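Visitor: Got a structure here, written out as structure tokens. Questions coming.
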């Protein structure tokens, strides 16, 4: 089978490990281990009868729920078949500009979407050595309640030239994948004011509590050239339902709506999404779980010889390895049925980096033990 360019390819991993896909412990896809929430499952069960009718093409109830959760007028929200579908339409708009700045290493789907429409891409590499200016172990304190802000400073500048050019765009994810770096909203706003279009993919932003988020959602009404993408599958552990939304000026969303396929979000996905964004109990459980679990995973990885994790603001960690990651990945699968995300699809990283999701404490300990055995 062809090596996957995304995480979560359990069929490929199972073939390599020689076991059923259900036996694989998946650290390659950055999905919350706490879900799916009971609210999602109850909504799906309650709406099974809706399968005999087409979904509401305007998704009125879903947009209302999203508007309440994000504090946005529902007319400024467009639900999608995952944020990947909406990314495609954002890339279509970006391709009309002279060029688009892309912070690299970049999520592979950005390249897919931009190349589909022939967009000219200007790569803006992150200097990973600057992220490592302080010893990584020094970023972690003995305080288990350590916040995301103490792990990653949102004052880190964008590696993008700040030039007055309204015929260029910017595609950025925040927190950044795969590094986990959190850019501050004040670092991004100057680009919004100068460029023709800025698309910020906030797929992992909801893993931070509201007081620590650096979201630009509240700026879309001021800037008609700003588009925010949100995923509803990672935080709520619903990747199989394909849920996402865009927040932007209604003129932008109206153009996309006219061009895309009808009913991109199925009735059960729409019902589940409307339920989970109102599930404040599940939100609080996630915000309480993640900082502690991430810190413990970080420390466990940092204590292994030859591994250097980067502190991040999302539900995953990027790890630099002194050994070939391809060999580590293969050994973990064959010996322990654990799948990590190699970074071969990120040309800037190659075979010396891997990414792991933050999972439950038991799963994280199993990963650390497996890595210790493989490295030894």
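The values are calculated or read from the model by the stated rules, or taken from the named source; none is laboratory data. Predicted, not measured: the structure shown is a model, and the values here were computed from it. Virtual Cβ from ideal backbone geometry, glycine too; neighbours counted across all protein chains shown.
Visitor: Of all the residues that make up the range 206-220, how many are outside any helix (DSSP H, G or I) and free of Cβ contacts under 8 Å to residues at least 60 places away in the same chain?
Guide: 3
Visitor: Please go through the range 164-205 and pick out each residue that is out of contact with any strand residue (DSSP E or B) (no Cβ under 7 Å at 6 or more places or on another chain) and assigned to a helix (DSSP H, G or I).
Guide: The answer is 185, 186, 187, 189, 190, 193, 194, 205.
Visitor: Kindly evaluate residue 227 against the criterion of being under 17 Å from residue 104 (Cα atoms) and crowded, with 24+ Cβ neighbours inside 10 Å.
Guide: So residue 227 does not fit the description; no.
Visitor: Can I ask one more? Looking only at strands (runs of 3 or more DSSP E) that lie completely in the range 239-349, which have at least 1 residues being modelled with pLDDT under 95, farther than 30 Å from residue 223 by Cβ and touching a strand residue (DSSP E or B) at 6+ places or on another chain (Cβ under 8 Å)?
Guide: 307-310, 341-343
Visitor: Of all residues in the range 18-40, which are more than 24 Å from the chain's Cα centre (by Cα) and in contact (Cβ under 8 Å) with a residue 40 or more places away in the chain?
Guide: 18, 19, 23
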